[in-house]
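Undergrad: Here it is, the structure in full.
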Amino acid sequence: MTEETQALEASVRKKWEGVFIATPSDKEKFYLNVAYPYPSGAMHVGHGRTYIVPDVIARFWRMRGREVLYPMAFHVTGAPVIGISKRIARKDESAIKLYRDLYKVPQDVLDTFTDPLNIVNHFSNEYERVMTSAGLSIDWSRRFTTVEPTYSKFIEWQWQHLRAAGHVNKGAHPVRYCPQCENPVGDHDLLEGDKAEIQKFTLIMFSYGDAFVPCATLRPETIYGVTNLWVNPGITYVRCQVDGKEWILSREAMEKIGLQDHDVKEIGTIPGTELVDKKVSHPFCGEVTILPAVFVDPDMATGLVMSVPAHAPYDYIALRDLQQKGKYTDIKPVGLIKVEGYGEFPAVEAVEKADIINQDDPNLEELTQTVYSAEHATGKMYEQYGGKPVKIAREEVAEVLNEKHHSGIMYEFDTRPVVCRCGARVFVKVLHDQWFLEYSDPAWKQQVKDQLENMELVPAEVRTEFYRTVDWLKDWACSRRIGLGTRMPWDPEWLIEPLSDSTIYMAYYTIASRIKHIDPALLTPEVFDYIFLGKETENLPERERLDGMRKEFQYWYPYNFRFSAKDLISNHLTFQLFHHCTIFPKEYLPHGMVVFGMGLLNGAKMSSSKGNVYLLEDAINDFGADTVRMFLIGSGEPWQDFDWRNDLVSSTRKQIERFVATIKESLASDGPETDIDQWLISRMQNHIGMVTKAMENFQTRQALQESFFGIESDIKWYRRRLGQETGGRETMKYLSSVWVRLLAPIIPFTCEDLWKDISDGLVSFASWPEQDSSRINQSAEIAEELLVRTIEDIESILRILKTPPRKITISVAPSWKWDILTLIAEATDKKNVIRDVMQKEDIKARGKEAADAVKQCTNLFHKLPSDLVERIVQSKPDEFSIFTNASVFLSKDTNLEIEVIRSDECRHMKAGSALPFKPAIIIE
RNA sequence: GCGGGGAUAGCCAAGUGGUCAAAGGCGAACGCCUCAAGAGCGUUUCUCGUAGGAGUUCAAGGGUUCGACUCCCUUUCCCCGCACCA
């Protein structure tokens, strides 16, 4: 960025200090907000777009005379910064590198990062500073963080309402858990296994004397087909007391079970070999033998497997291997499921058909999948086992087993290993006393769906995704042990989960600047009930202030639009609807949402951990804020993914410079007004209309295209038409004033600076240009259109002409050809129009010439844009005088002599081919 | 795997039945300007063409239609989400 730009931006920033503070007024309001950032690191250009797009919209509506509120706050609740501060405290290389080198945190500040609050405080300030330098017209007086006592009071109030509405309930919940960190771990905390899902196994308890041998299965309905158990003879199993009963299982399994809501105590060991050939029993399959098998993994579930050879390929293979050695030949598969396309023993058939040789065959895994999904999809239990579809039987059998036959649940990952960032193995742990938000509640879901029905969603395609998310949402565990945040008001052992505390804060913005002046201790639920719900209670404190807040809330709410990237559809954006529906009355429910695409950097995903980021501040320093803004806006519509490419940005800078030069030149212009001015002014009306419409629809890229390149190309033509002359004084003034205002939302620094030479006040608050239909000059536009098209044709001919040209003759079509075109254009029956036209006496009289003309005109009709045909047919431009008037220009432009004639007054054979709006061109 | 959204010229992207060889921007080439470079301006940028035209294109294949980038079906590939995490 040049020093000049730097100085300009600094001076404009000064002018903007404090001016974007939004205060309720007589004007209509426009309240937009964005998902607030979690300030754990520096902003990159991807964040930049997230906040710049809404800023463009905010600036647009401000200029259209709305009272605009664009607030910002910081989400500092949650666990990530705690991990970061720990890593920095223990001098973790990669963490320090990231913060010191990439985010450029000064060493003395970095030293304070051992306290997580210092991290978020530091970056909150950075965010505000960088956002300001990007020109965001944010009302900073409403800034807050989510750990301020005042905000916590607001959260407590919200949660009491949620609980009163019956949406918060207690339960147990399986989570990924790191024993070393003593904390649940999320995807981003994992070194390995981030795709692993928690599977819910049913433990089938086989009796072995007084002890249980638990086998874990995903298919409890197959218990009827169990012919034996599998044990790994190579390992040593443990005997332990689980909830007072003796179990035999692998050591690994014992440790896992211990995390899953069971009281576990080891009492001895038993080698796998000792279990071989022992009998176990279960009421559903009788007495079966334990057989040896090497495929049994002690680290998978219980380390003991029940065998259903009729329906499980692995089991069948293992059994076959033994039987081929002449052992256990009395064991026969027991079929229990009828499957389309298979006989009595699907697994047996599948294995034999696929020529599986032994237990190590790599195809076995896929084969198992095929058989399992076939059975799940179309399988039906045999009559003696209930006759129900597998899908249903599975649930029912599990239930019976749980209730009457000591079965339980064991959770296990579907892929392993799962490893925490700290290096330790991650297990499934069942957390007790978890609080849940019951998003599964159908009635609550319905409220959200009803609200979605009334909402404006941009782009329209996201609507189905929202509905699907609502359907798909299950209960959400909303309490945490670790992290920053607000405590559950009725159970202070727990913190409120960070996504759950950020659902209605848009309402808090409306009062954020005023509530700061009240002692948090006074902020009882009754206070918020009054502010947000208008519910009176006696002896409310600070009544005057509360009234002010109540008024302000009523003025701003509901918000008009919420902006966010599309990855938040499946959680935050939908959660906030649930919460709004519960807390607020109908008239305060959200009005609309705009969903953004994602950002790429030089074609690759932006990722701080991989170092593939470009900091917004660096971008602004390198190119200037307006260039960054214009590039981001121009790279795609908000909902499209965009790619920041350093190599393409610098041309944006040049475009802005070109714009500035044009405006300065225009303001200095003092020529007389000519006919062509009418055209330019007319075109401007067009652009104003288009830009306004695009902005109203959040099509910021379209708005930029129209306001920048659309106008620029008109100016090019205007200048070409003027030749050496200077532009008309008044026209140029008008153009400058309109153009600067149209671009002000996108490149506000540049426009603010230019505006001081155009009018008083700030362009940020200047009125948006109005389309003035009285200044639309149809005939001027048509005349120029005709000239442009004709020049294109002339150039096209000159290009392929080898002989040097001397003179151009333009021959315009006679009026009877215009009649033909008009008839064609106005005909309702386009198919038979040729015949109908030829019926006309005066046309018919012209014979073949007319027939050809009809054909050509039909052709022309299809080739020209339909709105243009309509306009020219209506106004019937006088082509002869248009070309005559422009002949000096044409002659200069082509550097050739120009003659304009009427085709019926010329004998040149080409002259007769003239058509309406497409004169014959004769170059000699 | 499941759900949602996509695939248009070197790149970004507009375009939902004839107006389309397909807007606009970027990039590139050439010309003008200049001592020169850059900027600026102009032209070109699927192929062919000594007259404004013709031919082949809009992921691939098939279909509907007088006519498809646009509607339907199938396939391939890409992006987003799949949860306790911001």
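Undergrad: Taking A:R775 as the residue in question, decide whether it is in contact (Cβ under 8 Å) with a residue 60 or more places away in the chain and either more than 16 Å from RNA strand B (Cβ to nearest atom) or not aliphatic (A, V, I, L, M) (or both).
TA: It is true that A:R775 is in contact (Cβ under 8 Å) with a residue 60 or more places away in the chain and either more than 16 Å from RNA strand B (Cβ to nearest atom) or not aliphatic (A, V, I, L, M) (or both).
Undergrad: Take the residues in region A:369-416 that are part of a helix (DSSP H, G or I), of a type in the set (S, T, N, Q) and at pLDDT 80 or above; name whichever of them is farthest from the chain's Cα centre (by Cα).
TA: A:Q384
Undergrad: Go through (1) at pLDDT below 85; (2) in a loop (DSSP other than H, G, I, E, B) one by one and return the number of the condition A:S767 breaks.
TA: (1)
Undergrad: Checking the condition part of a helix (DSSP H, G or I), within 7 Å of RNA strand B (Cβ to nearest atom) and among the aliphatic types (A, V, I, L, M), which residue from A:L632, A:L667, A:L648, A:L680 passes?
TA: Working: A:L632 fails: within 7 Å of RNA strand B (Cβ to nearest atom); A:L667 fails: within 7 Å of RNA strand B (Cβ to nearest atom); A:L680 fails: within 7 Å of RNA strand B (Cβ to nearest atom).
Only one candidate passes the filter, namely A:L648.
Undergrad: Please pick out the residue among A:F561, A:F532, A:F578 that is away from RNA strand B (no atom under 16 Å from the Cβ), closer than 25 Å to A:F436 by Cβ, surrounded by 17 or more Cβ atoms within 10 Å (Cβ to Cβ) and assigned by TED's automatic domain parsing to the domain that holds A:R463.
TA: Working: A:F561 fails: closer than 25 Å to A:F436 by Cβ; A:F578 fails: away from RNA strand B (no atom under 16 Å from the Cβ).
Unique residue meeting the criteria: A:F532.
Undergrad: Consider A:W639 against the criteria (1) in contact (Cβ under 8 Å) with a residue 40 or more places away in the chain; (2) assigned to a helix (DSSP H, G or I): it satisfies all of them except one. Which criterion is unmet?
TA: (2)
Undergrad: Output the residues belonging to region A:134-175 that are crowded, with 22+ Cβ neighbours inside 10 Å, of a type in the set (A, V, I, L, M) and out of contact with any strand residue (DSSP E or B) (no Cβ under 7 Å at 6 or more places or on another chain).
TA: A:A134, A:L136, listed by residue number.
Undergrad: Considering only region A:729-739, I want to know if a residue exists there that is within 16 Å of RNA strand B (Cβ to nearest atom), among the small types (G, A, S) and in contact (Cβ under 8 Å) with a residue 60 or more places away in the chain.
TA: No.
Undergrad: Take region A:464-506 and flag every residue that is within 7 Å of RNA strand B (Cβ to nearest atom), within 20 Å of the chain's Cα centre (by Cα) and surrounded by fewer than 21 Cβ atoms within 10 Å (Cβ to Cβ).
TA: Matches in region A:464-506: A:T464, A:E465, A:R468, A:W472, A:L499.
Undergrad: When residues of region A:868-911 are filtered for being more than 16 Å from A:L787 (Cβ to Cβ) and within 10 Å of RNA strand B (Cβ to nearest atom), how many remain?
TA: Residues meeting the conditions: 5.
Undergrad: Given (1) within 10 Å of RNA strand B (Cβ to nearest atom); (2) without any contact (Cβ under 8 Å) to a residue 24 or more places away in the chain; (3) among the acidic types (D, E), identify the lone condition not met by A:D618.
TA: (1)
Undergrad: For region A:806-844, what are the residues that are surrounded by fewer than 17 Cβ atoms within 10 Å (Cβ to Cβ), at pLDDT 80 or above and within 14 Å of RNA strand B (Cβ to nearest atom)?
TA: If the condition is that a residue be surrounded by fewer than 17 Cβ atoms within 10 Å (Cβ to Cβ), at pLDDT 80 or above and within 14 Å of RNA strand B (Cβ to nearest atom), then A:R806, A:K807 are the ones that fit.
Undergrad: Looking at region A:176-206, which of its residues are among the hydrophobic types (A, V, I, L, M, F, W, C), surrounded by fewer than 19 Cβ atoms within 10 Å (Cβ to Cβ) and assigned to a strand (DSSP E or B)? It would help to see each step written out before you state the result.
TA: Our first condition is that a residue be among the hydrophobic types (A, V, I, L, M, F, W, C); within region A:176-206, this holds for A:178, A:181, A:185, A:190-191, A:196, A:198, A:201, A:203-206.
Now restrict to residues that are surrounded by fewer than 19 Cβ atoms within 10 Å (Cβ to Cβ): A:181, A:190-191, A:198.
Residues satisfying the conditions are A:L190, A:L191, A:I198.
Undergrad: So is A:T329 more than 45 Å from the chain's Cα centre (by Cα) and of a type in the set (S, T, Y) or not? Explain how you work it out, then say what you get.
TA: Details: more than 45 Å from the chain's Cα centre (by Cα): yes; of a type in the set (S, T, Y): yes.
In short, yes.
Undergrad: Which of the helices (runs of 4 or more DSSP H) contained wholly in region A:23-132 include at least 2 residues that are within 30 Å of A:V458 (Cα to Cα) and over 24 Å from the mean Cα position of the chain (by Cα)? Show your work before the answer.
TA: On the way: elements: A:45-63, A:80-89, A:93-97, A:107-111.
Because the criterion is at least 2 residues that are within 30 Å of A:V458 (Cα to Cα) and over 24 Å from the mean Cα position of the chain (by Cα), the helices (runs of 4 or more DSSP H) in region A:23-132 that meet it are A:45-63.
Undergrad: Across region A:192-215, which residue is modelled with the highest pLDDT among those that are of a type in the set (A, V, I, L, M, F, W, C) and within 16 Å of RNA strand B (Cβ to nearest atom)?
TA: At the first step, the residues of region A:192-215 found to be of a type in the set (A, V, I, L, M, F, W, C) are A:196, A:198, A:201, A:203-206, A:211-213, A:215.
Narrowing further to those that are within 16 Å of RNA strand B (Cβ to nearest atom): A:196, A:198.
Numbers: A:A196: 74, A:I198: 81.
Across region A:192-215, the extreme among qualifying residues is A:I198.
Undergrad: Follow-up. Restricting region A:845-858 to residues that are in a helix (DSSP H, G or I) and within 14 Å of A:A813 (Cβ to Cβ), which is nearest to RNA strand B (Cβ to nearest atom)?
TA: Going through region A:845-858, the residues in a helix (DSSP H, G or I) turn out to be A:848-858.
Keeping just the survivors that are within 14 Å of A:A813 (Cβ to Cβ) gives A:849-850, A:852-854, A:856-857.
Details: A:E849: 16, A:A850: 19, A:D852: 14, A:A853: 14, A:V854: 17, A:Q856: 11, A:C857: 14 Å.
My answer is A:Q856.
Undergrad: Give the residue that is farthest from RNA strand B (Cβ to nearest atom), with candidates limited to residues of region A:443-463 that are without any contact (Cβ under 8 Å) to a residue 24 or more places away in the chain and within 16 Å of A:H572 (Cα to Cα).
TA: My answer is A:K449.
Undergrad: Take the residues of region A:858-873 that are modelled with pLDDT of 80 or more and within 14 Å of A:I820 (Cα to Cα): which is surrounded by the fewest Cβ atoms within 10 Å (Cβ to Cβ)? Explain how you work it out, then say what you get.
TA: Residues of region A:858-873 that are modelled with pLDDT of 80 or more, as a first pass: A:871-873.
The next check asks that each one be within 14 Å of A:I820 (Cα to Cα); those that pass are A:872-873.
Details: A:I872: 22, A:V873: 18.
The residue in question is A:V873.
Undergrad: Only one of (1) within 12 Å of RNA strand B (Cβ to nearest atom); (2) under 38 Å from the mean Cα position of the chain (by Cα) fails for A:N686. Which number is that?
TA: Among (1) within 12 Å of RNA strand B (Cβ to nearest atom); (2) under 38 Å from the mean Cα position of the chain (by Cα), A:N686 violates only (1).
Undergrad: Only one of A:V613, A:V594, A:V628 is of a type outside the set (D, E, K, R) and over 24 Å from A:N697 (Cβ atoms); which? Let's see the steps before the verdict.
TA: Working: A:V594 fails: over 24 Å from A:N697 (Cβ atoms); A:V628 fails: over 24 Å from A:N697 (Cβ atoms).
Just one listed residue meets the conditions, A:V613.
Undergrad: Still on this structure, I have one more. Mind checking which residues of region A:168-200 are touching a helix residue (DSSP H, G or I) at 6+ places or on another chain (Cβ under 9 Å) and closer than 30 Å to A:H405 by Cα?
TA: Correct list: A:N169, A:R176, A:Y177.
The values are calculated or read from the model by the stated rules, or taken from the named source; none is laboratory data. Computed from a predicted structure; not experimentally measured. Backbone-built Cβ (ideal geometry, glycine too); neighbour counts: all protein chains shown.
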